[in-house]
1. Return the sequence-ordered ³J(HN,Hα) values of the range B:135-140 in whole Hz as given by the Karplus equation 6.51 cos²θ - 1.76 cosθ + 1.60 applied to θ = phi - 60°, using x for Gly and Pro.
2. Could you give the dipole magnitude of the range B:21-74 about its Cα centre, charging the beta-carbon of Lys and Arg +1 and that of Asp and Glu -1, in debye to the nearest 20?
3. Expected output is a single nm value to one decimal: the length gained when fully extending between A:D88 and A:E168, i.e. 0.36 nm times separation in residues minus the C-alpha distance. What is it?
4. Which residues make up the longest stretch of chain B that has no trypsin sites (Lys or Arg not before Pro) in a DSSP loop with at most 16 other Cβ atoms within 10 Å?
5. What is the mean number of Cβ atoms from other protein chains located within 10 Å of the Cβ atom of each residue in peptide A:82-93, rounded to a whole number?
6. Pick from B:A34, B:A14, B:A99 the residue whose mean-square fluctuation is largest in a GNM of chain B, springs joining Cα atoms under 10 Å.
7. GNM on chain B, C-alpha springs below 10 Å: top fluctuator among B:T55, B:T116, B:T86?
8. Would you mind computing, in nm to one decimal, how far apart the modelled labels at B:R46 and A:D211 are, each placed 7 Å from Cα along Cα→Cβ?
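Throughout, read-outs are computed from the coordinates displayed, never taken from laboratory work. Nothing here was measured: the structure is a model prediction, and the numbers come from that model. Counting neighbours? That spans all protein chains shown, and the Cβs are built from the backbone with ideal geometry, glycine included.
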Number of protein chains: 2
Amino acid sequence: MDRPPIWLRPERAARGPRPAHSREEIAAAAVRVADAEGLAAVSMRRVATELGTGTTSLYRYVDGKDELFDLMVDRAMADGRPPVPTGDWRVDLAAVAHAQRAIMLRHPWLVRLPATRPVLGPNMLAWLETTYAAVDVPGLDADEVLAQAATLLTFVRGHAMEELTEREAGSTMAGWLTKQSQQYAEQVIGSGDYPHLSRMMIEAETPHAADRFDRLFARSLEHVLTGLAAGRG
Amino acid sequence: MDRPPIWLRPERAARGPRPAHSREEIAAAAVRVADAEGLAAVSMRRVATELGTGTTSLYRYVDGKDELFDLMVDRAMADGRPPVPTGDWRVDLAAVAHAQRAIMLRHPWLVRLPATRPVLGPNMLAWLETTYAAVDVPGLDADEVLAQAATLLTFVRGHAMEELTEREAGSTMAGWLTKQSQQYAEQVIGSGDYPHLSRMMIEAETPHAADRFDRLFARSLEHVLTGLAAGRG
DNA sequence: ACCGTACTGCGAACAGCGTGCGCAGTAAAC
DNA sequence: GTTTACTGCGCACGCTGTTCGCAGTACGGT
């Protein structure tokens, strides 16, 4: 029957009894489960139980599990507020990047979500607006603005993804290899086919500071911002 | 019982009957299904059926579905060969980026995979080696090499992700909003709270060339590479 | 040549999943 | 007060990943 997106449907219908729960409440419950037990623990049954309601009652609020995910994403985006603009695009974009990263680190499931479609809830819109505002200057065509914003947000998301993967695996991409199996690592190094990879693996065994990811992110972010600067007037 | 990673386990055991299938065969079957019908269609039963074998026989080859995914990823990475180095890091990195993007566009499910852990099959290793080789120069410390390689690969993956999302949704992130519901778009624009977003939405309605994504990627990639150049000697 | 052993293939079964359907109850509109 | 459009939700269906145990098979050691 092709319902309109959830952001357009009124929360309370014109007729009938008042719904027992709000979207806020539902999103909060789902986020709580995901934060505590991971994305896999977020099932319709589980969220319904969390709300003290019947399983299929959830479908009165949400068109399916995908829409539940939409609610979760938008809810998570309200976890930090977009930074207030300073007028310096570089400072503003860096602030957006750091704030976005913080949100994703606080909600690791965010970055694992299928993301088969854009989520356009009010909180997400606020982030987009702030990002576009930081990038946008007179004389820059819309395509370039979209490209620059996408480059930044895409980088943040990708970096958070890799960071979380490494955190959960307990080591660097290369270090993981070593840890996973000394034998495999030796085989890779010993084969002589991967000289540069071998160098990374060996140096990755060195213990790293606790703030390693923070510094790595800051450094890479500078690279990206420098790159974006080249595309501006 | 904590088995070693699949890349270390011999394909053929020392004792017992010869396995009826190879990993290649299994990976190929799974990839075929994913390419044709999407990631959701890839179930243990489906892949087993595709191979003409019993469902649970698959577990003789693979520790669980995650490992099946690992096989799929590594198999997809063999779909294009890493470019041969020219000695010019910028050219080489651009080649890696374009080749990786091509692979991801050919196998859209790649970028939707959970990616809860690094995949370190032989083909993936070859890509990593090539990427590190392009970035690596004497005098650059390993952390910087890892950072630059991660920045590039992360960007490519993120861009492909967004591109695929937009392709499937049939429009730009902003355009999607408009298409999804004229009413919502008008509400957003009319609210006056999102001036820059509104500008993007309006200009996104303009029809774009078929190669829009290609040009967008090329442009953004230049930005990133320029940024990386700043971190080198 | 033969036995023990370690494997392979796989049917049955289980718990859990997303979700469509239909019915009883309720609040607002007329 | 009647009609109407909603809400809550138990039931049921088909599907999922995965465990278990059993029959059959090929190799290693003797």
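1. So the J values, rounded to whole Hz, are 7, 5, 9, x, x, 9.
2. Roughly 260 debye for the range B:21-74.
3. In short, 25.2 nm is gained.
4. So the longest stretch without any such site is B:16-231.
5. 0
6. Top of the fluctuation ranking is B:A14.
7. Per the Cα network of chain B with a 10 Å cutoff, B:T116 tops the list.
8. Calculated label separation equals 4.7 nm.
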